[in-house]
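Below is one structure, written out as structure tokens; the observations come after it.
The values are calculated or read from the model by the stated rules, or taken from the named source; none is laboratory data. Nothing here was measured: the structure is a model prediction, and the numbers come from that model. All Cβ positions, even for glycine, are placed from backbone atoms using ideal geometry, and neighbour counts span all protein chains on display. Accessible surface areas use protein heavy atoms only, side chains included; no ligands, DNA or RNA. Shrake-Rupley method; radii C 1.70, N 1.55, O 1.52, S 1.80 Å.
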Amino acid sequence: PPDEHRRVLSAALRRPPRHGRAPLLLYVLDVTELPDPVLPQLPALLGPGRVAAACARAGLRGAALVDIRLVSAKTGYGVEGLVSRLQRSWKCAGDVYLLGATNSGKSTLFNTLLRSDYCKSRAPDIIDRATVSPWPGTTLNLLKFPIINPTCDRIFRRQERLKEEATKTEDQLSSEEKKYLNQLKKQGYLVGEVGRTFQQHKSSAEIDFDPDTLSYSMDEDPRDTPKKHEEREEFTHNEVKDARWCFDTPGIVKEDCVLNLLTEKEVKLVLPSHAIVPRTFILKPGMVLFLAALGRIDYLEGEKPAWFSVLASNLLPVHVTALRNADTIYEKHAGQEFLKVPMGGEERMKEFPPLVPQDITLKGIGTTEAVADIKLSSAGWVAVTAHAEEELLLRAYTPKGTALVVREPPLLPYIGAIRGARIPGTPAYRTKKPPSFVENLRTTGSR
């Protein structure tokens, strides 16, 4: 519940500083959710003046933001750079808290950092054992792992490992490494392996878990858990007596979010699990684009055709029709397989809020650059590209109670250029996936 969430998180963030240093806040923001819907809630959780006062002591002239990193916790891109940056904060920061909205990838990042050089080398095995219940001895009801002390020797050894890995090309990887790399490429465009300097790789399978849900286990322990006779491995007193900890926190619930209206099965279709492939359509005035039954854009007025590039989960269908048929199609197919989400037929749609409109006026800047994104709550967004000086009147719809945002300038202004040939007889272009970029490897043939 929101009240309990605020109580637990505020209690953690307002604790007296340990080690004589204030905590470092690592805010995880889903880039597809810009502008971020929950960041304004952060000052209330921290307490009045907390951020500004801490920054003033650090000589930052009141600036709360000290760094921004583009990372993919799922594919590993940017994570090694993030670890290096966090280690450089050792002398000026205490414990570290991962904050962010639900479904922002925060817990995936926690799992990735747990198995990186940021975490004490013995911790992953012990933490895996602890994930079946709240972390022993914690009074904050938050999952955590101990941060390794980045001594000069450890920093040197880590840099040597990173340099060695950066000299390799994809051709020099083992067959197993190539197979793993190809899996990552399917999941995202930006890829980077996250390694360990201070621990041997183990052959046993790693257990994935979701600390977001575990963090809500406030007052009860698991019941009917079979007792294991094997000896439980724990940290020694000396290992953790002066430890700094990295905490995962429960995700902050997004208000006015379409995900709050969906079932678990529907959410899995809406949230992208692999790299988004842009889908581009050319529409004339009097045409309508549906994104499942969660969003709709009508092209009402304009002199020339315009391009609409959909950035959303590849599992969500996109349908284009004439304006005169749009209402009939929605009434007939919402809740059915044709529009896919929501699912459950007429009974489901009786409880689902109706789509409500918002008129949007845009002026094109050229056929190669989008003028704006129309963000349909958390279902995805549509980048609109139009001829220079061409004025468009659009009407966009999202379910009642959810947020529709016009993002100017667009997040990816040239996304419309990533497309194949026009499919004859349709408004659609063939999809085209850009090549992946692997940050840790040297390009084949380069020196």
### Message
Can you work out the Karplus-derived ³J(HN,Hα) for every residue in region 278-287? Use 6.51 cos²θ - 1.76 cosθ + 1.60 with θ = phi - 60°, whole Hz, and x for glycine or proline.
### Response
x, 10, 10, 9, 9, 10, 9, x, x, 10
### Message
Relative contact order of region 260-434, please, whole-number percent, based on alpha carbon pairs below 8 angstrom and at least 6 residues apart.
### Response
26
### Task
Would you tell me the accessible area of S107, worked out with a 1.4 angstrom probe on the heavy atoms of the protein chains, in Å² to the nearest 10?
10
### Message
Which lysines, if any, have their Cα less than 23 Å from the Cα of K350, not counting same-chain residues under 8 positions apart?
### Response
K265, K268, K332, K340, K400
### Task
Residues in region 377-396, backbone N under 20 Å from the label point at D359 (7 Å along the Cα-to-beta-carbon vector): list them, ranges by number please.
390-396
### Query
By how many nm would the segment from E346 to T263 grow when fully extended, if each residue of separation counts as 0.36 nm and the alpha-carbon distance is taken off?
28.3 nm
#### Entry: Distance (nanometres) between label positions extended 7 Å along Cα→Cβ at Q183 and I418
2.3
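Give me the number: length gained by fully extending K284 to T368, i.e. 0.36 nm times residue separation minus the C-alpha to C-alpha distance, one decimal in nm.
Working: separation 84, 0.36 × 84 = 30.24 nm, distance 1.74 nm.
Here the answer is 28.5 nm.
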### Message
What figure, in Å² to the nearest 10, do you get for the accessible area of K186 with a 1.4 Å probe and non-protein molecules left out?
### Response
140
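With the Cα gyration tensor of region 260-434 in hand, convert its eigenvalues to equivalent ellipsoid semi-axes via √(5λ) and list them largest first in whole Å.
Working: eigenvalues 125, 61, 47 Å².
The three semi-axes for region 260-434 are 25, 18, 15 Å.
Using R₀ = 30 Å, calculate the FRET efficiency as 1/(1 + (r/R₀)^6) where r is the Cβ-Cβ separation of E176 and I68; round to 0.05. Could you put the intermediate results ahead of the total?
Working: r = 34 Å, r/R0 = 1.14.
Taking R0 as 30 Å, the efficiency between E176 and I68 is 0.30.
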### Estimated FRET transfer efficiency when R0 is 30 angstrom, pair F156-T443 (beta carbons, to 0.05)
0.65
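Please list W90, W245 from largest to smallest accessible area, probe radius 1.4 Å, with all protein chains kept in place. If you can, show how the numbers build up before the last one.
Details: W90 55, W245 20 Å².
Ranked from most to least accessible, the order is W90, W245.
Can you give me the % of accessible surface on region 260-434 that is carbon or sulfur? Probe 1.4 Å, all protein chains present, nothing else counted. Spell out each step's value before the answer.
Numbers: 4310 of 8120 Å².
On region 260-434, the fraction of accessible area on carbon and sulfur atoms equals 53 percent.
Which entries in the list K304/K363; K74/K120; K144/K168 go over 23 Å, if you measure between the two C-alpha atoms of each?
K144/K168
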### Message
Taking amide H atoms as placed 1.01 Å from N in the peptide plane, list the residues 5 or more away in sequence, or in a different chain, whose amide H sits under 5 Å from that of E301.
### Response
L393
### Message
I'd like the accessible area for K106: 1.4 Å probe, protein heavy atoms, all chains in place, Å² to the nearest 10.
### Response
0
## Note on the structure
Using alpha carbon centers only, region 270-347 is separated from region 65-97 by a whole-angstrom value of 38
#### Entry: Neighbour net charge for L181 - beta-carbon separation under 14 angstrom, K R +1, D E -1
0
